[in-house]
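Here's the structure we're looking at; comments come further down.
The values are calculated or read from the model by the stated rules, or taken from the named source; none is laboratory data. Fair warning: this is a prediction, and the values are worked out from it, not measured in the lab. Note that we place each Cβ from the backbone using ideal geometry, even for glycine, and neighbour counts take in every protein chain shown.
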Amino acid sequence: MSQHEPLKVALLGAGSVGSQVARLLLEGRDELAHRVGAELELIGIAVRNVDAKRDVDLPSELFTTDAESLIARADLVVELIGGIEPARTRIRTALERGADVVTANKALIATHGPELFAIAQERGAQLNYEAAVAGAIPIIRPLRDSLAGDQVTRILGIVNGTTNFILDRMHERGDSPAEALRIATELGYAEADPTADIEGFDAQQKAAILASIAFHTTVPVDSVYREGITAVTSEQIKAATRAGYVVKLLAICEKVQNEAGEAAVSARVHPALVPAAHPLAAVHGGNNAVFIESMAAGDLMFYGAGAGGVETASAVLGDLVSAARRQVAGGPGLAASRHAELPVLPIGEVHTRYQIALQVKDEPGVLAKIAGLFSDHGVSLATLEQSIPECDASASHEPAAAHATLVIGTHLAAEHALDAVVQALSSDDSVHVVTGVLRVESAA
């Protein structure tokens with residue numbers, strides 16, 4: 001080991017991840033020094049309340065409420081407080097001083113990444129954020145470094161453990177959406193307010209990050225189409241199973257062509273039908289997985305724990321060691337590549353396949369009429385499943401109106417064409433209700 005002077009590490013935040021980072025730093029001090037070539041000295045942990053109860057027993061003298069003084073003395077700053085402010089200000093301050101920064105803050109990277117990367121590049125510092133996407137799974141560095149000589153064409157990611165747990169329970173146990181969410185909350189997979197997860201906001205931020213790295217393009221988070229799982233029904237889950245699919249909430253990032261034939265990027269988050277034989281269909285519980293399709297390397301999948309204090313701390317420590325090694329070796333930090341700056345395709349121009357479920361009148365000519373509505377908007381039918389429920393007697397003992405349930409699969413179609421079909425179906429007097437629309441995602 002070289003005789004490089006110790007590198008001072010400031011830790012901001014001591015929650016479930018931060019406390020584990022501190023523990024691993026302290027317990028692995030000697031081993032990390034050998035790996036880095038210099039000692040990593042934890043000089044303090046900035047928190048809002050120094051007396052708060054922690055998950056890990058840490059030396060009390062490390063805690064402080066004065067984040068600014070820690071940052072002023074640090075060579076490396078680890079930000080684990082989350083949210084936009086004061087995290088953004090703290091990171092800006094550290095980078096402007098030339099300190100390297102490690103963060104797990106997906107919201108901040110997705111919304112203010114370009115600003116922070118520009119400061120890092122100007123100051124010769126490094127901003128690392130492996131833990132911002134998919135927890136313990138290494139995916140940022142493989143995309144940025146390992147596949148730097150390749151061309152990534154598509155990413156399909158299960159990047160939210162809460163929604164994967166809920167959908168998995170619905171498939172495997174037959175739970176209703178409400179029951180699956182209740183169990184997820186009891187087991188700690190879902191927060192007391194699960195909105196960010198079940199409405200797709202969390203996955204939307206991660207999709208923006210993945211697409212930006214993979215396609216060397218700034219992808220603003222609000223340009224990523226978002227749809228959560230709250231509209232997914234037990235009936236859709238059963239229909240998917242019968243058709244040989246599994247429903248997953250996917251972050252989908254693709255390099256595509258726009259209507260003018262020019263290169264563009266598509267980034268979207270929504271529930272999707274995945275073939276049961278696809279590797280992503282076998283991702284159960286709260287786990288995450290990211291499936292990458294590339295020109296030279298082919299298909300790759302990264303799988304593992306998408307959350308958890310010690311698991312995410314592993315990714316943070318990996319970034320910290322990488323940054324520390326760079327400081328020992330010398331040289332400027334690695335700049336984020338955004339040289340392509342491709343346009344981001346609106347969801348209406350995206351082409352995929354669909355499964356539409358609807359209830360219609362059970363009478364002659366309805367199927368032909370429905371098929372005609374699809375044809376009128378340029379959407380070609382691929383499959384049709386029809387079921388007729390038993391008729392129930394009403395309170396007045398008059399027969400209930402007969403109806404049939406249709407589940408229709410399509411060939412590739414543009415999103416705007418499918419939207420037009422759904423509007424036409426909803427307005428047609430032979431259709432009681434369109435009960436659900438799911439996109440179908442599989443190998444390109």
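For this structure, a couple of remarks:
- Pairs linking a residue in the range 130-143 that is charged (D, E, K, R) to a residue that is surrounded by 24 or more Cβ atoms within 10 Å (Cβ to Cβ) and part of a helix (DSSP H, G or I), with Cβ atoms under 7 Å and 6 or more positions apart or on different chains, are E130/A315; E130/D319; R141/E130.
- Unique match (being more than 30 Å from Q151 (Cβ to Cβ), at pLDDT 95 or above, surrounded by 14 or more Cβ atoms within 10 Å (Cβ to Cβ) and within 36 Å of the chain's Cα centre (by Cα)) among V379, V407, V440: V379
- Figure legend. Inter-residue proximity from the range 279-298: first residues more than 18 Å from R173 (Cα to Cα), second residues surrounded by 17 or more Cβ atoms within 10 Å (Cβ to Cβ) and charged (D, E, K, R), beta-carbon distance below 7 Å, spacing 6+ or different chains. Indicated pairs: L280/K248; E293/R154.
- Residue within the range 195-213 that is in a helix (DSSP H, G or I), of a type in the set (D, E), surrounded by fewer than 19 Cβ atoms within 10 Å (Cβ to Cβ) and touching a residue at least 40 places away in the same chain (Cβ under 8 Å) present: no
- Test result for Y189, aromatic (F, W, Y) and at pLDDT below 95: yes
- Any chance S266 is under 17 Å from the mean Cα position of the chain (by Cα) and of a type in the set (S, T, Y): yes
- Flag if G285 is touching a helix residue (DSSP H, G or I) at 6+ places or on another chain (Cβ under 8 Å) and at positive phi: yes
- Here G174 clears all of (1) assigned by TED's automatic domain parsing to the domain that holds E235; (2) part of a helix (DSSP H, G or I); (3) out of contact with any Lys or Arg (no Cβ under 6 Å at 6 or more places or on another chain) except the condition numbered (2).
- Scan of the range 335-356 for residues that are outside any loop (DSSP other than H, G, I, E, B) and at pLDDT below 90, ordered by number: none
- Members of the range 192-211 that are farther than 29 Å from E254 by Cβ and out of contact with any Ser or Thr (no Cβ under 8 Å at 6 or more places or on another chain): D193
Rundown of residues vs (1) among the hydrophobic types (A, V, I, L, M, F, W, C); (2) assigned by TED's automatic domain parsing to the domain that holds L358; (3) within 20 Å of D376 (Cβ to Cβ); (4) touching an Asp or Glu at 6+ places or on another chain (Cβ under 7 Å), yes/no style:
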site: T405; (1), (2), (3), (4): no, yes, no, no
site: H411; (1), (2), (3), (4): no, yes, yes, no
site: A414; (1), (2), (3), (4): yes, yes, yes, yes
site: L418; (1), (2), (3), (4): yes, yes, yes, no
site: Q423; (1), (2), (3), (4): no, yes, yes, no
site: S427; (1), (2), (3), (4): no, yes, yes, no
site: V431; (1), (2), (3), (4): yes, yes, yes, no
site: V434; (1), (2), (3), (4): yes, yes, yes, no
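- Residue check, E68 more than 32 Å from the chain's Cα centre (by Cα) and of a type outside the set (A, V, I, L, M): no
- Looking across the range 298-334, the residues that are farther than 20 Å from G82 by Cα and either part of a strand (DSSP E or B) or of a type in the set (F, W, Y) (or both) come down to G298, D299, L300, M301, F302, Y303, G304.
- Condition check for E311: within 28 Å of D168 (Cβ to Cβ), surrounded by fewer than 18 Cβ atoms within 10 Å (Cβ to Cβ), among the charged types (D, E, K, R) and at pLDDT below 95: yes
- Lone qualifier among A336, A276 - being outside the structural domain of A420 (by TED's automatic domain parsing), touching a strand residue (DSSP E or B) at 6+ places or on another chain (Cβ under 9 Å) and over 30 Å from Q386 (Cβ atoms): A336
- One residue from I370, I356 being touching an Asp or Glu at 6+ places or on another chain (Cβ under 9 Å) and surrounded by 14 or more Cβ atoms within 10 Å (Cβ to Cβ): I370
- The range 255-268, subset surrounded by fewer than 24 Cβ atoms within 10 Å (Cβ to Cβ) and of a type outside the set (A, V, I, L, M), residue modelled with the lowest pLDDT: E259
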